[in-house]
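Read the structure below first, then the notes.
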Amino acid sequence: MLFVACSGFPVPVSRYWGQFAAVEISDTELGIPGAGTVRRWLRESPKGFAFTALAPKALGESGFRRTKENAALVEEFATFADTLGARAVVFQAPPDFEASKATKTALRSFVGWLPDSLPRVVLDLPAWGTADAEAVADKRPVSLAYDPLTFDPPAPSELVYVRLPGPAGHRSRYDEESIESIATHLEGIEAETVFCVFRNIDMQANGASLRERLGV
């Protein structure tokens, strides 16, 4: 199943339900939405709608350390993801979190420390190469988020997670040639579930163009 989504709601939620079949909840980067908000999303979203969620930003900013503060954040986030029925959760590293012996050890330990109650764990490591990222994913099944226009795809897994930050950063927009390249890449993936998440400023327009091109 292929899902094209946005990171956050770029249009009013009531409109978004009719335009996309999935969303990456980004509010969770800074705080966990209240129970009432979650109940409303579950009640109003169409049948079969897919949710994923972005883990608290503070986890990556701490260098993925195993601390009491991070344990509390992870527990709260895990409860939210379970209530939402999230298909995957994304742990994003800051741009300056580079691959080294120390960071690989820290991240490998962090991944193994995460509770089993979490859904599929996705690691987004923008400053790492594919080989370095794959080297830390030996403690539990994880997926590696990637941009097919700039990174080599990771090894195939049951859940593939494409994240698109914009060709020149958040404020940039993908042109028709880029959308075609992304579509061609997605069509060649053999996986049970594929998410393609736009997170640039024109995510709604770019996502709509890709959905039209793919016929999904």
Which numbered condition PHE77 misses (of (1) without any contact (Cβ under 8 Å) to a residue 60 or more places away in the chain; (2) closer than 22 Å to VAL160 by Cβ; (3) surrounded by 21 or more Cβ atoms within 10 Å (Cβ to Cβ)): (2)
Selected residue (only one of PHE20, PHE9 is touching a residue at least 24 places away in the same chain (Cβ under 8 Å) and part of a loop (DSSP other than H, G, I, E, B)): PHE20
Evaluation of GLU29 against (1) under 23 Å from PRO95 (Cα atoms); (2) at pLDDT 95 or above; (3) surrounded by 12 or more Cβ atoms within 10 Å (Cβ to Cβ); (4) not hydroxyl-bearing (Ser, Thr, Tyr) (one fails), failing number: (2)
Cross-chain or 6+ apart pairs with Cβ under 8 Å, region 82-95 first and in contact (Cβ under 8 Å) with a residue 12 or more places away in the chain and closer than 22 Å to GLY169 by Cα, then among the basic types (Lys, Arg) and outside any strand (DSSP E or B): GLN92/LYS57
Sole residue being crowded, with 16+ Cβ neighbours inside 10 Å, touching a helix residue (DSSP H, G or I) at 6+ places or on another chain (Cβ under 8 Å) and among the aliphatic types (A, V, I, L, M), chosen from LEU159, LEU114: LEU114
Pair list, Cβ under 8 Å, 6 or more apart: region 153-177 residue closer than 19 Å to ASP132 by Cβ, other residue of a type in the set (S, T, N, Q) and in a loop (DSSP other than H, G, I, E, B): PRO165/ASN200
Residue that is modelled with the highest pLDDT, among those in region 139-152 that are under 22 Å from THR193 (Cβ atoms) and exposed (fewer than 15 other Cβ atoms within 10 Å of the Cβ): LEU149
Subset of region 117-128 that is out of contact with any helix residue (DSSP H, G or I) (no Cβ under 9 Å at 6 or more places or on another chain) and farther than 27 Å from ASP82 by Cβ - its residue that is surrounded by the fewest Cβ atoms within 10 Å (Cβ to Cβ): ALA127
Evaluation of LEU107 against (1) within 28 Å of ASP202 (Cβ to Cβ); (2) not in a loop (DSSP other than H, G, I, E, B) (one fails), failing number: (1)
Residue check, ALA55 in contact with an Asp or Glu (Cβ under 7 Å, 6 or more places away or on another chain), free of Cβ contacts under 8 Å to residues at least 60 places away in the same chain and not charged (D, E, K, R): no
Subset tally (residues that are within 15 Å of ASP124 (Cβ to Cβ) and among the small types (Gly, Ala, Ser)) for region 86-103: 3
Considering residues of region 188-216 that are among the charged types (D, E, K, R) and out of contact with any Cys (no Cβ under 9 Å at 6 or more places or on another chain) only, the residue surrounded by the most Cβ atoms within 10 Å (Cβ to Cβ): ARG211
When residues of region 56-83 are limited to those that are among the polar types (S, T, N, Q) and in a helix (DSSP H, G or I), the one nearest to PRO95 (Cα to Cα): ASN70
Which listed residue is modelled with pLDDT under 95 and over 24 Å from ALA5 (Cα atoms), from GLY112, GLY34: GLY112
From THR67, THR103, THR28, residue being farther than 20 Å from CYS196 by Cβ, in contact (Cβ under 8 Å) with a residue 40 or more places away in the chain and out of contact with any Ser or Thr (no Cβ under 9 Å at 6 or more places or on another chain): THR103
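The values are calculated or read from the model by the stated rules, or taken from the named source; none is laboratory data. Keep in mind it's a predicted model, so treat the numbers as computed, not measured. Quick reminder, even Gly has a Cβ in these numbers, built from the backbone with ideal geometry, and neighbours come from all protein chains shown.
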